[in-house]
1. Calculate, in whole percent, how much of the Cα-Cα pair population of the range 448-539 lies beyond 20 Å.
2. With contacts defined as alpha carbon pairs under 8 Å and 6 or more residues apart, what's the relative contact order of the chain in percent?
3. Taking θ as phi - 60°, what are the ³J(HN,Hα) couplings along the range 565-577 by the Karplus curve (6.51, -1.76, 1.60), each to the nearest whole Hz, with x for Gly and Pro?
4. Taking 0.36 nm per residue of sequence separation and subtracting the Cα-Cα distance, how much length would be gained by fully extending the chain between LYS209 and ALA561, in nm to one decimal?
5. Could you tell me the calculated FRET efficiency between ASN435 and VAL585, based on Cβ-Cβ distance and R0 = 30 angstrom, to the nearest 0.05?
6. Hey, if you put +1 on the Cβ of every Lys and Arg and -1 on every Asp and Glu Cβ in the chain, which of ALA603, ALA411, GLY588 ends up farthest toward the positive end of that dipole?
7. Can you tell me, using C-alpha contacts under 8 Å and at least 6 residues apart, the relative contact order of the range 205-265 as a whole percent?
8. log10 I(q)/I(0), Debye, Cα-only the range 587-672, no solvent, q = 0.10, 0.17 Å⁻¹?
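FYI, it's all coordinate maths here, none of it is from the lab. Given the structure is predicted, the values throughout are model-derived calculations rather than measurements. Quick reminder, even Gly has a Cβ in these numbers, built from the backbone with ideal geometry, and neighbours come from all protein chains shown.
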Amino acid sequence: MKLLAVILLLHVSVHAAAPAETAALQKFLGEFCTKCHGEEKQKGDIRLDDLTGDMAKEGTRWAVVLDQIRDGEMPPKKEKQPSASQKLAITGWIAKQMGGHAARKPSQGNLVPHELLFAAASAASAKAPEPRLWRLSPEAYMGWVEDVGRGGVKGLVQPFTANPERGIKDFAALARVDEPTTEVLLRNADAIVEKQTAHEIVDGKVKGKNDTVREFTDLMDPALTPTRAQIEKAIQKQFQLAVARKAETDEVERLYALYEKCAAGGDRSGALRTVLTAVLLRTDAVFRSEMGGAEGMLSPREAAAAVSSALMFKRDGKLFDAVEKGELTAREKIAEHVRRILDDPKTKKPRILGFFREYFEYGNATEVFKDRPKDVMHEPKQHVADTDRLVLHILEQDKDVFRQLLTTPLAFVNVKSQTNKQTRQEELAQSVTPNKQNNKGQAAIETLYGLEEWTAEQPITQKENTRIGILMQPSWLIAWSENFNNDIVRRGRFIRERLLGGTVPDLPIGVAAMVPNELHRTLRDRVSSVTHAEACWKCHNRMDDLGLPFEQFEHYGRLVAEEQVLDREATAANVDKKGKPLGDVFKGVPAVSTGAIAGSGDAKLDGPVKSPHELIARIAGSDRARQVFIRHVFRYFMGRNESLADAATLQAADSAYVNSGGSFKVLLVSLLTSDSFLKRAPAAIAQTTGTKP
């Protein structure tokens, strides 16, 4: 039997290969690998001839094999090459044995071969992911504080930091609570309880202040000896606020015992505050569990928390009401609530826009330092706001969303919302205007889009062959630039990873990647002089040709016909009467925007391109690019990388998206009601992702 058939048809152990597989694996390694990685010769200190398929012992070496074969690095080009089916078979077997979870970082999500995830045979081998605990994100923690503290609480310190990895920030397996974090959580809990119980005594009576909790303030009277029933009522109230459920009998008993111990010294109100603080420090206040209940499904309460956290930073009250009523037990009921939240314009869903910010990373435009240009205003914060508005506009239309994000001719330009004093209606207005004193010679933002003056008719339709989609928005171009130049390499890497689903190795340690400061040459020439070296090109051939077409824009985001380079002859002649240099002189040379797509995994995509418009339009119409987009949506809302076990979920989501005409709402409903989202495999908590409370 061929190796491909063995992999796709047999359900094997996750540790050791079956005899038939062992023979097939050894045959593959012998034919393509052991010449250089065998008993006598071991290039790169890697030996492969003794591999048996036992992942428990050989996982590290098999991971190297997966990376090298999948990315076409091995065998070397001059050696005999495996067929496409052989490559798919060997990489598929390794990915399946490793479970697809070896890569824990968001930036490593493309390691599972795309062809396998969307192969029909892969959908038949689905299994539920392991249980896990998921720590609140920094934004979700502040949303929790608003719920518990009935609004903001002054003086709080954010205890959690965002994941520093590129792209998606909230991955469950990367979240931790260490000792310093616990100390901040304790101080914050004290501050929250201080606000909850804030009061004053007027005419001998306790009076709560704004946003306090009456069940707590009523017990702050120093002359009062609260009854057990009153203490229990306060405990139950804090449980509802902190973890959205009633306290169990044993939990109440432990907390009441704590109260009595603390109150023995006579400070009954202080004892109650200690108990209330203890509730806020519970593990289930900082983490949400996904252990699974009957038939492996998340419990109704876990499902309510999961859906709320997927779409917003606060709990959705109607979801938890449904839990209390016993209505959130079926998948279709969960789907109804997902649709309700998505369709309700009054319900804030910040995580949806958050996905597009993290996927495209255009928000990083505000983090790139640049000198203020002399001839045009540089306002990255406004560019980001305009792109946010464009994304929301496309989502509101909810048709062919992925293609529209890449190819729409529409743009919002220098826009803000304000209330009309006469009509009291929201309307669009010009956001940033040039200051005649401070902006001498600087053109307004709208000139970047070819507008002679700002218009309230927004969004505008941009002229043909100027800009299309998010990747030609000034925010994206600035975010993926350097301080003084475009960033050809990082732009190309974005397209390779985020749009084509490819991989690019990180820069090796010790490599100084410096573009020569030869200003008489174009940036294209200077970058190529470095990256086309033999040692560099094996990685840069995946990036450079994809980033070069964006040389049609300069690093402030302007469309340009020419690139300014140093005119050495004119500079040499630019001296005063005494021969003292008067400064550099620059000249324009035609901007070149050609590039190429190669090794995309889709033969229809590969080939030269004349412009960024041709590049993006070709990618936008690709099934592969659409599926890669769905893979990224999966990662963001699941908080983990996809594995082969998620193939059925991804294929169903892709079908739902296509059949709905490209509806992002339908895509989310499919993902948030999938087995990958709602089911968990039976496992002890020690066998989860490793996230520790």
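1. Working: 2226 of 4186 pairs.
Tail fraction, whole percent: 53.
2. Details: 1056 pairs, mean separation 120.0, N = 693.
Contact order relative to length: 17 percent.
3. Result, ordered by residue: 10, 5, 8, 5, 5, 5, 5, 4, 7, 8, 10, 7, 5 Hz.
4. Values: separation 352, 0.36 × 352 = 126.72 nm, distance 6.35 nm.
Value of the extension gain: 120.4 nm.
5. Values: r = 30 Å, r/R0 = 1.01.
The formula returns an efficiency of 0.50 here.
6. The Cα lying farthest towards the positive end belongs to ALA411.
7. Numbers: 29 pairs, mean separation 13.9, N = 61.
In percent, rounded to a whole number, it is 23.
8. Once normalised to I(0) and log-transformed, intensities are -0.35, -0.78.
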